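Take a look at the structure set out below.
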Amino acid sequence: MVRLQKFLADAGVASRRTGEKIILAGRVEVNGQVARVLGTKIDPEHDRVCVEGTPVKSRRKLYIALNKPRGYICSRNDPGQRRAVGDLLPREWSNLYPVGRLDYESEGLIFLTNDGEFCLRLAHPRYGIRKKYLATVKGRVELRTLSQLTRGVVHEGEKLKAEKARLLSANNSHSVVELELAEGKYREVRRLFESQGLSVSNLRRTQIGRIKLGELRPGRWRTLTEPEIKTLLSDSGRSSRAISDEH
C-alpha cells in the first residue's frame, strides 16, 4: 500500500506537493470514487486510479549502472551541445536522471534511475554512501599527504575529508591513489589534492556502496539486480543511523 500522492509522483503525473493539490481539488478518482483525503492509501496492483478521467498506471522503476566516459556531462542533454550520459541510453529512457554527479573530465561508475527515493538515499550526504575513486596524480604523493587528506583539509572555505586513502604506486612523474569518500562534495577528490598543491590528471570512480564498476566498459551500461538495489538501500539506512548516533 502506498500513499496516493506518492503513487501519482512515481507515475510521473506530478510532484508530491502538486499531487496533493490535485487530490484536494477533487481531480483524482480511486475505483470510481473521488479521493479528496490526503494520505489515502492505495494498492497499485489492484486499485484503479484516474486523474480527470484518464487512468494512471504505475511506472516501471529502472536502475541503471553506467560507466561514464571522460568528456560527458551527467545529464540527459545539454543546451551547450556537449555530449551527455543520456546519449548513451535508449531514447525511450528519457525519464532517467543521474544519481549524483561526476565532473566532465572524470569517468567511472554512475547510477541513473526514475526512482526519486532511491536517488535521495544514495546522493544525499546524510546517508553517507561510500564511494571509491582511483586518482592518477601528477608527481610523487607522500604518505604524509594521504594522512592529511584523511584528517581533513579546508579548501575554499569548505571542509573536505577522505575516509580512506591508499597509495598504490608512486614515482617522480605520477602517483596512483585510491580514495574512499562518504559525502562526495563538488569536485571533492580533485580539490583534496589541490589543497596539497597537487593536480589530478585522471580520475575514475570504481565503486558505490558495495557495487563495483567491474568489467563494464566506458560508455556501456547494465541494469542493477534486485539484490544490488536492496543492498544499496540497506547500506544507506545503516550509514544514516551511524551518522545520527555520532551526533
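Worth pointing out:
- Boolean, Leu192 is under 20 Å from Val85 (Cβ atoms), modelled with pLDDT of 95 or more, within 23 Å of the chain's Cα centre (by Cα) and not charged (D, E, K, R): no
- Candidates are the residues of the range 66-112 that are within 25 Å of Lys6 (Cβ to Cβ) and touching a Leu at 6+ places or on another chain (Cβ under 6 Å); the one that is modelled with the highest pLDDT is Leu112.
- In the range 181-195, residue surrounded by the most Cβ atoms within 10 Å (Cβ to Cβ) [restricted to those that are among the aliphatic types (A, V, I, L, M) and in contact with an Asp or Glu (Cβ under 9 Å, 6 or more places away or on another chain)]: Leu181
- Test: residue in the range 162-180 that is at pLDDT 95 or above, part of a loop (DSSP other than H, G, I, E, B), crowded, with 16+ Cβ neighbours inside 10 Å and of a type outside the set (Val, Ile, Thr): yes
- Where Arg204 falls short, out of the listed (1) under 16 Å from the mean Cα position of the chain (by Cα); (2) not assigned by TED's automatic domain parsing to the domain that holds Thr136: (2)
- Close contacts from the range 94-112, counting a first residue that is free of Cβ contacts under 8 Å to residues at least 60 places away in the same chain and a second that is acidic (Asp, Glu), with Cβ to Cβ under 6 Å and a gap of 6+ residues or different chains, come to none at all.
- Unique match (being surrounded by fewer than 16 Cβ atoms within 10 Å (Cβ to Cβ) and at pLDDT 95 or above) among Arg220, Arg204: Arg220
Residues checked against (1) surrounded by fewer than 21 Cβ atoms within 10 Å (Cβ to Cβ); (2) part of a loop (DSSP other than H, G, I, E, B):
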| position | (1), (2) |
| --- | --- |
| Tyr104 | yes, yes |
| Leu109 | no, no |
| Leu112 | no, no |
| Cys119 | yes, no |
| Leu122 | no, no |
| Ala135 | no, no |
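- Residues of the range 85-102 that turn out to be surrounded by 14 or more Cβ atoms within 10 Å (Cβ to Cβ) and assigned to a loop (DSSP other than H, G, I, E, B), as a count: 5
- Restricting the range 137-149 to residues that are free of Cβ contacts under 8 Å to residues at least 40 places away in the same chain and not basic (Lys, Arg), the residue that is surrounded by the most Cβ atoms within 10 Å (Cβ to Cβ): Leu146
The values are calculated or read from the model by the stated rules, or taken from the named source; none is laboratory data. Computed from a prediction, not measured in an experiment: that's the story for all the values here. Backbone-built Cβ (ideal geometry, glycine too); neighbour counts: all protein chains shown.
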